[in-house]
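What follows is a set of notes on a single structure, which appears directly below.
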């Protein structure tokens with residue numbers, strides 16, 4: 001499906017020193033993102049144009065960068081190509097950008113998949129001792145109105161409201177109630193930031209991820225509490241998985257999100 005990811009990576013690395021400049025110039029950032037998507041996106045031109053159009057529609061509704069959107073798109077498409085059964089689920093929705101990508105691809109699947117989106121829409125809960133040392137962790141941070149999500153999905157992307165469930169509330173209340181209704185999960189995206197929130201998502205949903213399905217952890221490398229929760233959970237299950245960087249240009253393994261494939265039956269090698 002990829003065209004020339006190497007060219008896109010080289011372009012991104014070449015222009016990375018200028019990030020301070022283009023962050024304050026949205027037009028320049030859009031041009032760079034578009035170049036990455038065109039070089040590293042699908043080979044088929046019509047699909048590539050649809051993908052870029054989708055990313056530009058969801059862009060104002062997400063903090064996720066070019067590589068993060070591209071990885072999400074690829075994994076959702078890969079789930080379909082491999083015939084991995086299940087819904088698309090996101091925990092930590094913010095304003096709905098990534099959820100919009102998932103819901104749009106779920107609608108295109110054959111047969112269509114259901115999308116489940118979970119968020120308090122009140123920002124982060126109170127951090128715990130596991131999240132110490134992370135200055136980003138503050139109660140109420142990343143609060144966003146649920147109406148932004150509805151506007152993007154149902155007004156701008158024109159998706160069917162009957163195919164998307166938006167569940168408002170804290171994870172420890174919404175996930176146990178919704179899990180039996182969700183059924184199998186093909187792609188699980190976690191953007192829960194904190195230790196307890198991430199742990200809650202895994203405890204309630206991981207068993208429903210279809211073997212061979214994909215789990216994306218947005219905060220694994222940047223939020224120590226999140227990483228601790230994931231590592232503890234997988235170790236307790238005896239699951240050794242290969243973590244893949246979402247951003248292939250992040251050589252430091254310090255800031256990028258990661259994704260992994262749920263082991264099929266036995267243990268996956270690390």
- Task: Just need a number here: residues in region 128-139 that are in contact (Cβ under 8 Å) with a residue 12 or more places away in the chain and out of contact with any helix residue (DSSP H, G or I) (no Cβ under 9 Å at 6 or more places or on another chain).
- Result: 3
- Applying the selection to region 173-182, what residues are in contact with a helix residue (DSSP H, G or I) (Cβ under 8 Å, 6 or more places away or on another chain) and surrounded by fewer than 14 Cβ atoms within 10 Å (Cβ to Cβ)? 176
- Only one residue in 191, 219 is within 22 Å of residue 64 (Cα to Cα), touching a residue at least 40 places away in the same chain (Cβ under 8 Å), crowded, with 19+ Cβ neighbours inside 10 Å and out of contact with any strand residue (DSSP E or B) (no Cβ under 6 Å at 6 or more places or on another chain). Which one? 191
- Looking only at region 211-224, which residues are at pLDDT 95 or above and over 14 Å from the mean Cα position of the chain (by Cα)? 211, 212
- Message: I'm checking my understanding of the structure. Among residues of region 226-242 that are surrounded by 15 or more Cβ atoms within 10 Å (Cβ to Cβ) and part of a loop (DSSP other than H, G, I, E, B), which one is modelled with the highest pLDDT?
- Response: 241
- Item | Among the residues listed as 74, 50, 95, 82, the single one being without any contact (Cβ under 8 Å) to a residue 12 or more places away in the chain, more than 15 Å from residue 190 (Cβ to Cβ) and out of contact with any strand residue (DSSP E or B) (no Cβ under 6 Å at 6 or more places or on another chain) | 50
- Query: Does region 106-114 contain at least one residue that is crowded, with 21+ Cβ neighbours inside 10 Å and modelled with pLDDT of 95 or more?
  - Reply: yes
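Condition check ((1) surrounded by 17 or more Cβ atoms within 10 Å (Cβ to Cβ); (2) in contact (Cβ under 8 Å) with a residue 40 or more places away in the chain; (3) touching a strand residue (DSSP E or B) at 6+ places or on another chain (Cβ under 6 Å)) across all residues:
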position: 117; (1), (2), (3): yes, yes, yes
position: 121; (1), (2), (3): yes, yes, yes
position: 143; (1), (2), (3): no, no, no
position: 148; (1), (2), (3): yes, yes, no
position: 155; (1), (2), (3): no, no, no
position: 166; (1), (2), (3): yes, yes, yes
- Query: Which ones in region 14-47 are modelled with pLDDT of 80 or more, out of contact with any helix residue (DSSP H, G or I) (no Cβ under 6 Å at 6 or more places or on another chain) and outside any helix (DSSP H, G or I)?
  - Reply: 43, 44
- Query: Which one is surrounded by the most Cβ atoms within 10 Å (Cβ to Cβ), of the residues in region 58-75 that are within 10 Å of the chain's Cα centre (by Cα) and within 20 Å of residue 111 (Cα to Cα)?
  - Reply: 72
- Task: Tell me which of these residue 125 doesn't satisfy, since it passes every other one: (1) surrounded by fewer than 22 Cβ atoms within 10 Å (Cβ to Cβ); (2) assigned to a helix (DSSP H, G or I); (3) out of contact with any helix residue (DSSP H, G or I) (no Cβ under 6 Å at 6 or more places or on another chain).
- Result: (2)
- Taking residue 102 and the conditions (1) touching a residue at least 40 places away in the same chain (Cβ under 8 Å); (2) surrounded by 14 or more Cβ atoms within 10 Å (Cβ to Cβ); (3) part of a loop (DSSP other than H, G, I, E, B), which numbered condition does it fall short on, given that it satisfies the others? (3)
- Note on the structure: Counting only residues that are over 22 Å from residue 124 (Cα atoms) and not in a helix (DSSP H, G or I), region 49-87 contains a total of 6
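The values are calculated or read from the model by the stated rules, or taken from the named source; none is laboratory data. From a predicted model like this one, the values you see are computed outputs, not experimental measurements. Note: ideal-geometry Cβ built from the backbone for every residue, glycine included; neighbour counts use all protein chains shown.
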